[in-house]
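See structure below.
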Amino acid sequence: QVQLVESGGGLVQAGGSLRLSCAASGRTFSSYAVGWFRQPPGKEREFVAFIRWSTSYADSVKGRFTISRDNAKNTVYLQMNSLKPEDTAVYYCAATNIYYSISEYSRGRAYDYWGQGTQVTVSS
């Protein structure tokens with residue numbers, strides 16, 4: 001079992017930055033694929049970014065968000081720059097040790113473990 005805990009959310013003005021963390025416990029995390037997803041108010045959950053042997057981003061965040069990992073700390077980060085009000089959402093990290101094609105990692109169904117979420121609010 002893997003337990004995931006997100007942190008780093010908060011309230012920020014448009015144009016600002018936040019760094020989200022996804023800390024894992026329970027197993028060595030370095031071989032896991034980790035994805036970030038978000039659920040805006042009143043909308044469905046959507047893919048944000050993924051990291052394993054490579055990274056992938058949703059078009060809406062490409063060039064503004066960066067996903068990275070520190071295996072020594074069992075933590076994956078999501079650096080979010082140039083934030084926009086439409087980035088307001090609950091952000092979730094998710095993990096799996098199953099190998100899929102890269103495209104599959106943009107789907108929530110690929111992941112076995114989920115964190116509880118952290119709220120990000122971007123004011124205009």
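The values are calculated or read from the model by the stated rules, or taken from the named source; none is laboratory data. All of these numbers come straight from a predicted model, not from anything done at the bench. Please note: Cβ atoms are built from the backbone with ideal geometry, for glycine as well, and neighbour counts cover all protein chains shown. Quick note on the areas: whole protein, heavy atoms, side chains included, nothing else; ligands and nucleic acids left out. Shrake-Rupley method; radii C 1.70, N 1.55, O 1.52, S 1.80 Å.
For this structure, a couple of remarks:
- Among the residues of segment 53-68, those identified as open to solvent by less than 40 Å² (accessible area, probe 1.4 Å) and either modelled with pLDDT under 95 or of a type in the set (A, V, I, L, M, F, W, C) (or both) are Ser54, Ala58, Val61, Phe65, Ile67.
- Residue within segment 98-118 that is among the aliphatic types (A, V, I, L, M), within 16 Å of Arg27 (Cβ to Cβ) and surrounded by 18 or more Cβ atoms within 10 Å (Cβ to Cβ) present: no
- Test result for Val34, without any contact (Cβ under 8 Å) to a residue 60 or more places away in the chain and either within 15 Å of Tyr111 (Cα to Cα) or outside any strand (DSSP E or B) (or both): no
- Applying the set (1) within 23 Å of Ser17 (Cα to Cα); (2) open to solvent by 30 Å² or more (accessible area, probe 1.4 Å) to Leu78 leaves exactly one unmet item: (2).
- Some residue of segment 15-38 being open to solvent by 40 Å² or more (accessible area, probe 1.4 Å), of a type in the set (S, T, N, Q), more than 22 Å from Thr75 (Cβ to Cβ) and over 11 Å from the mean Cα position of the chain (by Cα): no
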